[in-house]
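The values are calculated or read from the model by the stated rules, or taken from the named source; none is laboratory data. Model, not experiment: these values are computed from the prediction. All Cβ positions, even for glycine, are placed from backbone atoms using ideal geometry, and neighbour counts span all protein chains on display. Keep in mind that these areas ignore ligands, DNA and RNA; they rest on the heavy atoms of the full protein, side chains included. Shrake-Rupley method; radii C 1.70, N 1.55, O 1.52, S 1.80 Å.
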Amino acid sequence: MPETPEIPEELPLVAEAAGEENAVMGGGSVGSAAFPQGLKPGALAGADGGTEVPPLQSETTDFPETAKENEPMIDIHVPQATHTWKGFWIHLGTITIGLLIAISLEQSVEQLHHLHQRHQLEEDLRAEAAKNIAILDGNYHRLDSYMAWASGLRDTVDAMHASGGKKKLPYPPRPDPAQIVTTMPSSSAWTTAQASALVDLLPREEAKMYDRVYYELKQYSDVQAIRQDQINEETFFLARFGPVTLAPLKPDLSRMSVDQLDQFSDLLTNDLVATRGFRSRFDILCAAEKAVVNGGKTEDDVFRSEEHTS
């Protein structure tokens with residue numbers, strides 16, 4: 001009976017087997033070498049089979065070189081925070097001073113902007129006052145023309161009334177509207193300043209002065225409204241004695257009875273009284289506007305200017 005072969009204690013290393021060229025054992029496995037593509041292990045044949053096995057090549061893997069362990073590394077040192085009280089207060093003081101400078105600059109810019117707005121508002125109000133003085137000057141002449149015509153009309157009516165209606169006098173021609181119609185002064189600059197809160201930029205005393213000026217303008221407007229009511233009542237009465245057209249009324253005074261002449265005389269008297277009161281408001285408002293144009297800064301400046309009108 002044949003002897004059992006001894007099993008070697010250690011198998012040859014794969015690397016050693018791969019280093020041998022064409023190590024083919026009859027029908028055995030070929031180390032760890034890879035088979036050529038398309039050739040199965042069972043197809044291997046010996047020298048008698050006529051199939052030639054290509055030489056085996058060892059498989060090797062190329063690995064990139066790594067940095068050398070002994071190559072010096074770059075250390076990044078994070079700056080250490082200051083942990084002393086002195087450093088803390090210096091840091092805090094720097095931040096505080098920076099904030100104070102930023103706030104001061106912002107407030108300075110804002111103050112300059114407000115100062116510019118205030119000067120612009122004062123300029124606008126003075127320009128409006130000068131414009132209103134020119135309007136009032138024109139109204140003086142128109143109002144004087146109207147009062148002369150209305151006074152002459154009342155004299156005519158009183159003469160007819162005194163004759164018991166026997167004297168027939170013509171209705172005096174009414175002046176052209178451009179000669180007797182007054183123009184309303186402007187208050188747009190002050191109204192806009194109040195609506196946009198720009199009035200708050202003015203000094204207190206100066207704001208009180210402008211408030212007084214535009215109070216006088218309000219009184220002027222109220223008296224004008226009263227006078228206009230008187231004129232309207234007079235117009236409605238005259239419309240009963242003549243054709244009503246777009247042209248100025250031309251009533252026929254001869255159609256009035258004695259009582260109607262007396263009533264018309266009363267209407268004319270009320271009109272003249274209201275016009276006279278309106279005329280006095282011209283003087284007060286014009287004096288207030290002149291105080292602004294002349295550089296007034298307080299309410300007393302307006303009062304002193306108005307005293308010269310009385």
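From the residues in the stretch 251-269 that are over 10 Å from Val157 (Cβ atoms) and outside any helix (DSSP H, G or I), which one is least open to solvent (accessible area, probe 1.4 Å)?
Step by step, filter the stretch 251-269, then rank; the result is Pro251.
How many residues are farther than 18 Å from Pro172 by Cα and of a type in the set (A, V, I, L, M) when one looks only at the stretch 220-245?
Of the residues in the stretch 220-245, 3 are farther than 18 Å from Pro172 by Cα and of a type in the set (A, V, I, L, M).
Yes/no per residue for (1) assigned to a helix (DSSP H, G or I); (2) modelled with pLDDT under 90; (3) of a type in the set (Lys, Arg):
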residue	(1), (2), (3)
Ser145	yes, no, no
Leu153	yes, no, no
Ala178	yes, yes, no
Thr183	no, no, no
Ala189	yes, no, no
Ala193	yes, no, no
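Would you be able to tell me the number of residues in the stretch 285-297 that are open to solvent by 40 Å² or more (accessible area, probe 1.4 Å) and not in a helix (DSSP H, G or I)?
Of the residues in that region, 3 qualify.
Quick one: Gln117 ticks every box in (1) of a type outside the set (Gly, Ala, Ser); (2) over 30 Å from Val223 (Cα atoms); (3) not in a helix (DSSP H, G or I) except a single one, so which number is it?
The single condition Gln117 does not satisfy is (3).
Can you pull out every residue in the stretch 101-119 that is of a type outside the set (D, E, K, R) and in contact with a Leu (Cβ under 9 Å, 6 or more places away or on another chain)?
His114, Leu115, Gln117
Of all residues in the stretch 199-216 being among the aromatic types (Phe, Trp, Tyr) and under 27 Å from the mean Cα position of the chain (by Cα), which is most open to solvent (accessible area, probe 1.4 Å)?
Among those residues, the one meeting the criterion is Tyr214.
Among the residues of the stretch 95-149, write down those that are open to solvent by 90 Å² or more (accessible area, probe 1.4 Å) and either in contact with a helix residue (DSSP H, G or I) (Cβ under 9 Å, 6 or more places away or on another chain) or touching a residue at least 24 places away in the same chain (Cβ under 8 Å) (or both).
Selection gives Lys131, His141.
Name the residue that is nearest to Met147 (Cα to Cα), counting only residues in the stretch 183-198 that are without any contact (Cβ under 8 Å) to a residue 60 or more places away in the chain and open to solvent by less than 50 Å² (accessible area, probe 1.4 Å).
Taking the candidates together, the pick is Ser186.
Can we say Met160 is in contact with a helix residue (DSSP H, G or I) (Cβ under 6 Å, 6 or more places away or on another chain) and within 18 Å of Pro251 (Cα to Cα)?
Yes: the conditions hold for Met160.
If you go through the stretch 236-289 one residue at a time, how many are in contact with a Lys or Arg (Cβ under 8 Å, 6 or more places away or on another chain) and aliphatic (A, V, I, L, M)?
6
Between Arg174, Arg227, which is in contact with a Phe, Trp or Tyr (Cβ under 6 Å, 6 or more places away or on another chain) and of a type in the set (D, E, K, R)?
From the options Arg174, Arg227, the qualifying one is Arg227.
Determine, yes or no, whether Pro243 is open to solvent by 20 Å² or more (accessible area, probe 1.4 Å), in contact (Cβ under 8 Å) with a residue 40 or more places away in the chain and of a type outside the set (Lys, Arg).
So Pro243 does not fit the description; no.
Can you tell me which residue within the stretch 156-178, out of those that are loosely packed, with under 13 Cβ neighbours inside 10 Å and of a type outside the set (Gly, Ala, Ser), is nearest to Ser221 (Cα to Cα)?
Taking the candidates together, the pick is Pro177.
Tell me which residues, restricted to the stretch 217-250, are more than 47 Å from the chain's Cα centre (by Cα) and not in a helix (DSSP H, G or I).
Correct list: Gly242, Pro243, Val244, Thr245, Ala247, Pro248, Leu249, Lys250.
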